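Structure record follows, encoded as structure tokens.
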Amino acid sequence: MKLKKINADKLIIIIVFAAMLAACSKMDSTYIDFIKKGSITYVGTPDSLKAHSDKNRLKIIWTLSDPSTTKAKLYWNNKNDSLIVDIAPKTDTVSVWLTDLREGSYSFDLIMYDKDNNRSVTSNLIGRVYGDNYINTLLARPVKTAILINGKVDVTWGAADSTVIATELTYTDENEKSHTIMVPVDSGVTRLDNYTLAGHETFQYRTLYVPDSLSIDTFYSNVQTVKVTGPAIEYERNGWMAGTEDYDIPSGRVPQNTLDNKTNTIWHMDKTHGYPHVVTIDMKAENLVNGFTYIQRTPLDGAAKLVEIQVSSNNINWKSLGAYTFENLGTKQYLELLEPASFRYFRMIVKSDYKNGTATAIAELGAYKR
């Protein structure tokens, strides 16, 4: 037989084409094996999946995206715990309570199924369970003062935590009628009407918390009891003496000017150095003090701002009562101590002013009891 001559280019094309046919044949074989039992059917995943926190329990809610769903499986604790939820026809929203859970965070896996046991892709979510450990950390909103004047008590509140929603206050009035007031979180002062100290020197309150936006329950701090105090009674300053350790010598504006009942005479601090500036007051007797009065120099011009208060009974051993902020106001102000204290001497250590200067002035200083 006489063979036809095939050039090299044609031979290469034939070989490549044959290889492609062989590869396609193998792929078809694999694909046919894969689909010979029919295509895979997936059930739709849930919508709006949320875990609502509560005390020692959780409520998991979702909406159905696939009407063919007939049940769901929920797993948690690394799939050591699970729950099967049967879903009735025409159901739109599903909610499940998980109770008797220990406090802490949980990771959940949720899978949907139809009547033929086809499943959805796994959905994941995180939930938080609250309990006694969380409750024990809750602090009642602080009460700064509770002062009775003319049958009315003004309760002044400190700042509230960001998860506080309200404070519940209960008191009994002069007619023995009990009142419960819900104090909004943004309220700075609450007034209690028809109040008397006769038999009712205190009131009670607790603070309400919602720890997160998905929390169902409201949590409460422990109930606190607050003693109501009367109006400020200022100590007479006759005979009080102020030290001369810090003042503007050229102008002669000495610290004793803060005790003369004249707002047009002032103690001006030493201009030759910056803060702190100190004045020491001797009350000549040991007094129980609930707070201090002060009047800034007027017109206001860089009024005193941050002031540390120290007290002593012997002018040797001193105790700090903390730092306080003077108001940038020209009228008499009442600075309530966190706790009443007994002492003879007190120091005002001025650390800054409202103009970020190096020295300033104060017109009057005093002390009061309640």
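Observations on the structure shown:
- Some residue of region 274-290 being modelled with pLDDT under 95, assigned by TED's automatic domain parsing to the domain that holds Glu245 and of a type outside the set (Asp, Glu): yes
- Gly252, sole failed condition from (1) under 24 Å from Arg344 (Cα atoms); (2) among the small types (Gly, Ala, Ser); (3) surrounded by fewer than 16 Cβ atoms within 10 Å (Cβ to Cβ): (1)
- Residues of region 257-312 classified as in a loop (DSSP other than H, G, I, E, B), aliphatic (A, V, I, L, M) and surrounded by 15 or more Cβ atoms within 10 Å (Cβ to Cβ), total: 3
- Test: residue in region 77-90 that is under 32 Å from the mean Cα position of the chain (by Cα), closer than 23 Å to Asp217 by Cβ and among the β-branched types (Val, Ile, Thr): no
- When we screen Val121, Val153 for residues that are hydrophobic (A, V, I, L, M, F, W, C), loosely packed, with under 11 Cβ neighbours inside 10 Å and out of contact with any Cys (no Cβ under 8 Å at 6 or more places or on another chain), the only hit is Val121.
- Scan of region 339-361 for residues that are of a type in the set (Phe, Trp, Tyr), closer than 16 Å to Met269 by Cα and not in a loop (DSSP other than H, G, I, E, B), ordered by number: none
- Only listed residue being under 36 Å from the mean Cα position of the chain (by Cα), surrounded by 15 or more Cβ atoms within 10 Å (Cβ to Cβ) and not in a loop (DSSP other than H, G, I, E, B), chosen from Glu364, Glu336: Glu336
The values are calculated or read from the model by the stated rules, or taken from the named source; none is laboratory data. Worth saying up front: this structure is predicted, and the values here are computed from it rather than measured. FYI the Cβ positions are ideal-geometry reconstructions off the backbone, even for glycines, and counts take in every protein chain you see.
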